[in-house]
Amino acid sequence: MDTLTQLNLFPDHIEKARVAILPPCDIKGDIVLIDRADDVPSAIRRLRQSDVIGFDTETKPSFKRGISYGVSLLQLADRTTCYLFRLNKLGPNAELRDYLEDGSQIKIGLSVQDDFRSLSRWMPVRPQNFIELQKYVRAFGIEEMSLQKIYAIIFRQKISKRQQLSNWEAQTLTPAQMLYAATDAWACLRIYLELQRRIHGQ
């Protein structure tokens, strides 16, 4: 990262009103819902085939003081497929924990420390080889902290946040919820890949 400190390839900020009028993001791919422990190993095998993975989590929102919930959903995405692991249905899962603790593969997320704290309520886990986008993008001149604004600066497209406060522990997730969750993981990955492309001039 030290070699990138002088790169200022993008505006440092973007106004909320400017984000609001941007066209919607065009990220597309396959979405695979994992809510049975038997399906975890095959999903992880496929994820291991990629050199880098996008990462995010979702937690059921609480609207009452003093009440909070553990992480409900874990999203892991390669370039073509996002796997949605319903942790509230899977329960503790050693293979999934081991994958998060495996440092052989780069994983990209935003506000990852918050995600890690949430994951600790699911089961003890020490995630390895994660890149924090909030820090990474500063080397390119971007000072924004939200995924929506970072994505808007780089791609001039808007990520919808309409499903953010929906019930992530509903018996069945809606297509809109699944698309929202997958998009956040894909967006983290796409941002990283685009910045890597800018560095290497590809």
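A few remarks follow.
- Residue in region 77-93 that is out of contact with any helix residue (DSSP H, G or I) (no Cβ under 8 Å at 6 or more places or on another chain) and within 17 Å of THR183 (Cα to Cα) present: yes
- Every condition in (1) touching a residue at least 24 places away in the same chain (Cβ under 8 Å); (2) open to solvent by 50 Å² or more (accessible area, probe 1.4 Å); (3) assigned to a helix (DSSP H, G or I) holds for ARG126 except the one numbered (3).
- Test: residue in region 93-109 that is within 20 Å of ASP30 (Cβ to Cβ) and of a type in the set (D, E, K, R): yes
- Unique residue being on the phi < 0 side of the Ramachandran plot, surrounded by fewer than 20 Cβ atoms within 10 Å (Cβ to Cβ) and either out of contact with any strand residue (DSSP E or B) (no Cβ under 6 Å at 6 or more places or on another chain) or of a type outside the set (Lys, Arg) (or both) when the list is ILE191, ILE131: ILE131
- Each residue in region 137-152 was checked for being closer than 16 Å to GLY109 by Cα, within 16 Å of the chain's Cα centre (by Cα) and either of a type in the set (Gly, Ala, Ser) or surrounded by fewer than 19 Cβ atoms within 10 Å (Cβ to Cβ) (or both), and 2 pass.
- Within region 109-120, residues that are at positive phi reach partners that are at pLDDT 90 or above and open to solvent by 10 Å² or more (accessible area, probe 1.4 Å) with beta carbons closer than 7 Å, at six or more positions or on different chains, in the pairs SER111/GLN134.
- Matching residues in region 103-112 - criterion: being among the hydrophobic types (A, V, I, L, M, F, W, C) and either surrounded by fewer than 24 Cβ atoms within 10 Å (Cβ to Cβ) or within 14 Å of ASP39 (Cα to Cα) (or both): ILE106, VAL112
- Residue pairs whose Cβ atoms lie under 8 Å apart, sitting 6 or more positions apart in sequence or on different chains, and linking a residue in region 69-94 that is at positive phi to a partner that is at pLDDT 95 or above and surrounded by fewer than 17 Cβ atoms within 10 Å (Cβ to Cβ), are GLY91/ALA37.
- PHE155 satisfies every condition listed in (1) at pLDDT 95 or above; (2) of a type outside the set (Asp, Glu); (3) touching a helix residue (DSSP H, G or I) at 6+ places or on another chain (Cβ under 8 Å); (4) buried (at least 19 other Cβ atoms within 10 Å of the Cβ) except (4).
- Any hit, region 166-179, residues being open to solvent by 70 Å² or more (accessible area, probe 1.4 Å) and within 17 Å of the chain's Cα centre (by Cα): yes
Every residue, every condition in (1) under 19 Å from PRO61 (Cβ atoms); (2) out of contact with any Pro (no Cβ under 9 Å at 6 or more places or on another chain), yes or no:
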{"residue": "ILE106", "(1), (2)": "no, yes"}
{"residue": "LEU110", "(1), (2)": "yes, yes"}
{"residue": "TRP122", "(1), (2)": "yes, no"}
{"residue": "GLN157", "(1), (2)": "no, no"}
{"residue": "GLN163", "(1), (2)": "yes, yes"}
{"residue": "LEU173", "(1), (2)": "yes, yes"}
{"residue": "ALA187", "(1), (2)": "no, yes"}
{"residue": "HIS200", "(1), (2)": "no, yes"}
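- Residues that are assigned to a loop (DSSP other than H, G, I, E, B), within 15 Å of the chain's Cα centre (by Cα) and hydroxyl-bearing (Ser, Thr, Tyr) are absent from region 184-197 altogether.
The values are calculated or read from the model by the stated rules, or taken from the named source; none is laboratory data. Nothing here was measured: the structure is a model prediction, and the numbers come from that model. All Cβ positions, glycine included, derive from the backbone under ideal geometry; neighbour counts span all protein chains shown. Remember, those area values only see protein heavy atoms, side chains included, never the ligands or the DNA or RNA. Shrake-Rupley method; radii C 1.70, N 1.55, O 1.52, S 1.80 Å.
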